[in-house]
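Notes for the one structure printed next.
Where a number appears in this text, it was derived from the coordinates with a stated rule and is not lab data. Note that the structure is predicted; figures quoted are calculated from it, not measured. Glycine also receives a Cβ, built like all others from the backbone with ideal geometry; neighbour counts cover every protein chain displayed.
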Ligand code: GUN
């Protein structure tokens, strides 16, 4: 038997609470979203974030650019948003088609970095003093907690393409007492490594990549893949896993909606911190 971890239900609970908290504020939290180019997946994610933010009462300013916009034009825009008291969160949808991603992310004021990607926020998390934590990492942890399984003596692997994506997840798992390692699809003896893990987070971007013979029975599988098969969105886990693993967070309806919900809580959190402490943009 596989228990499906329903991210949509968890996300709706979080959004309901966020909406109630925002309704009590004098001014709405503000979120700026920068979208560069016309990548269909990015366009879809931005639309989902914008709709969810508006629904809970966040003011959203979406700024779109052609794929040829310069890095310096993006940075100038970010600096003007850093200085605006009505904008509490700034999000640059990734991947950027042609620009210098590191320079663009570094230009966001850490207090407004609701994606938690700025080096200062990444360091704060590793130093056990988290401020803004990447929503996708919060979403994955929430899904793992929803299993109600005791996490001591469990191990995890993150199978992905990017160590930077895995870093905050590994850190949150470590804090929960779960040793976690990042591996890629090219890791030697991949199946043996994944078969030894109690928790598998998969984000390689290939439909059906994670197969039954790669997984220990009763494992927790969190699918973070997004792949298109025609008009349909599917994850990286083979649909045949359902019925053979202990817990499964599927795509769609798993990590995605929860990530959006935690983005909104980060905007509110950023606003509260900025009202307490101000934002120094000197
Ligand atoms: N592209 C894919 N995932 C993300 C995310 O969590 N944040 C941003 N900004 N871009 C993404």
In whole percent, what relative contact order does the chain give with Cα contacts below 8 Å and a gap of six or more residues? 23 percent
Restricting to bridges with both residues inside the chain, how much of the DSSP beta-bridge set is antiparallel, in percent to the nearest 5? 10 percent
Note to self: C-alpha centroids of the stretch 129-152 and the stretch 89-114 sit apart, in Å, by 23 Å
Sorting check: for 140-150, 195-205, which peptide has the highest mean count of neighbouring beta carbons within 10 Å, and how do the rest follow? 195-205, 140-150
Would you calculate the separation in nanometres between label points at residue 275 and residue 190, each defined as 7 Å from the Cα along the Cα-to-beta-carbon direction? 4.8 nm
Stretch gain in nm, segment residue 59-residue 86, where the contour uses 0.36 nm per residue and the Cα spacing is subtracted: 8.8 nm
What share of the DSSP beta bridges in the stretch 123-276 is antiparallel, in percent to the nearest 5? 15 percent
When 276, 16 are arranged by how many other beta-carbons sit within 10 Å of their Cβ, fewest first, they go 276, 16
Note down the relative contact order for the stretch 44-114 as a percent, whole number, built from C-alpha pairs under 8 angstrom at least six residues apart. 33 percent
What is the extension gain from residue 128 to residue 206, computed as 0.36 nm multiplied by their sequence separation minus the C-alpha to C-alpha distance, in nm to one decimal? 24.7 nm
Cα centroid of the stretch 3-26 to Cα centroid of the stretch 56-76, whole Å: 26 Å
Mean Cβ count within 10 Å, highest first, over the residues of peptides 111-124, 2-15: 111-124, 2-15
How are the C-alpha pair distances of the chain spread across 10 Å bins, as whole percents from the shortest bin up? 7, 28, 35, 22, 7, 0
When only Cα pairs under 8 Å and 6 or more residues apart are kept, what is the percent relative contact order across the stretch 173-255? 26 percent
Treating the angle as unsigned and between 0 and 90°, give the value, to the nearest 10°, between the Cα long axis of helix 40-56 and the longest Cα principal axis of the chain. 70 degrees
Residue separation between residue 73 and residue 106 times 0.36 nm, minus their alpha-carbon distance, gives in nm 10.5 nm
Tell me the label-point distance for the pair residue 41, residue 164, using the 7 Å Cα-to-Cβ offset, in nm and rounded to one decimal. 1.6 nm
What's the ranking of 243-250, 186-193 by average number of surrounding C-beta atoms within 10 Å, highest first? 243-250, 186-193
